[in-house]
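Derivation of every value follows stated rules applied to the coordinates shown; laboratory data play no part. The model shown is predicted, which means the values in this text are computed figures rather than measured ones. All Cβ positions, glycine included, derive from the backbone under ideal geometry; neighbour counts span all protein chains shown.
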Amino acid sequence: MELEELQDTWSKMSQELEKQKKLTNEIILKMTQDRYQKKFSKIRNYETVGAIICYTIAALTLLNFGKLDTWYLQLCGILTIGFLVILPTLVLKSLKKIQNLDILNGSYKKNLVVYIKEKNKLLKLQQISIFLSYVLLFIVVPVTTKIISNKNIFLTDVKPLQGVALIVALVFIFFLTRWGYRGYKKVTNSAENTLRELED
């Protein structure tokens, strides 16, 4: 009788320990999920604000599209609107996908594979955005100049001050995009480290 009671007690204790272990693992996974998602919150807020600004400029360009009275200004206008709508949308979608990785479901290995794939997509998208930001500068200047001051920049001589402004803008874009890309690398590497902690 005592042996049966001992076995019964031992079995109950084992079940309780198993439940506690499972509960502890769930708590750890939920905490990791929260930490992981918070890493992308700040960068997503920046990108959301940037996207709103881009969409606003695209809408203003579209509303004033009639002022672009030559085929090449219209082409610049279409490209400007395209860049300002498509790029921020792609970045926000990519950020949402990587931020909402479901750590609670799926194996560690599967989640890590999905994460690395999405991380590489996001960083590649950032590299493309950096390149296109230089192209956009040369397209948006003629469009905004025509809309704001009704001057066709292609038909006027470039003044020294305008040349200096262009150089300053290029230097600003260089440092801004470099800072932004480093921020993305830092956040994505930190998030990956958070996922790798689950391996232990």
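Computed extension length for LYS117-ASN150: 7.2 nm, one decimal, from 0.36 nm per residue of separation with the Cα-Cα distance subtracted. Listed by chain and number, the lysines whose C-alpha is less than 20 Å from the C-alpha of LYS97, apart from same-chain residues fewer than 8 away, are LYS30, LYS38, LYS39, LYS42, LYS109, LYS110, LYS117, LYS119, LYS121, LYS124, LYS185, LYS186.
Each Lys or Arg adds one and each Asp or Glu subtracts one; over the other residues with Cβ under 15 Å from the Cβ of THR145, this totals +2. Inter-part distance, segment 23-73 to segment 143-189, computed on C-alpha centroids, equals 21 Å. Residues within the reach of a label modelled at TYR72 (point 7 angstrom out along Cα to beta-carbon, backbone nitrogen below 18 Å), restricted to segment 162-187, are 163. A value for Cα Rg over 2.2 N^0.38 Å was derived from the coordinates, and within the list (1) 0.94; (2) 1.61; (3) 1.03 it appears as (2). Distance between the modelled labels on LEU132 and SER11, one decimal in nanometres: 6.4 nm (7 Å Cα→Cβ projection). Contact order for the chain, expressed relative to its length and based on alpha carbon pairs under 8 Å spaced 6+ residues apart, stands at 28 percent. Would you mind classifying segment 83-200 by shape? Square roots of the alpha carbon gyration tensor eigenvalues, ordered a ≥ b ≥ c; an a/c under 1.5 is rounded, otherwise it is prolate if a/b is larger than b/c and oblate if not. Verdict is prolate for segment 83-200.
Dipole check for segment 48-200: with +1 at the C-beta of Lys and Arg, -1 at the C-beta of Asp and Glu, and the Cα centre as origin, the magnitude is about 140 Debye. Considering only ASN193, GLN33, LEU63, and ranking their Cα positions along the charge dipole of the chain that arises from unit charges at the beta-carbon of Lys, Arg, Asp and Glu, the one farthest toward the positive end is LEU63.
Can you tell me, using C-alpha contacts under 8 Å and at least 6 residues apart, the relative contact order of segment 1-110 as a whole percent?
On the way: 43 pairs, mean separation 40.6, N = 110.
Contact order relative to length: 37 percent.
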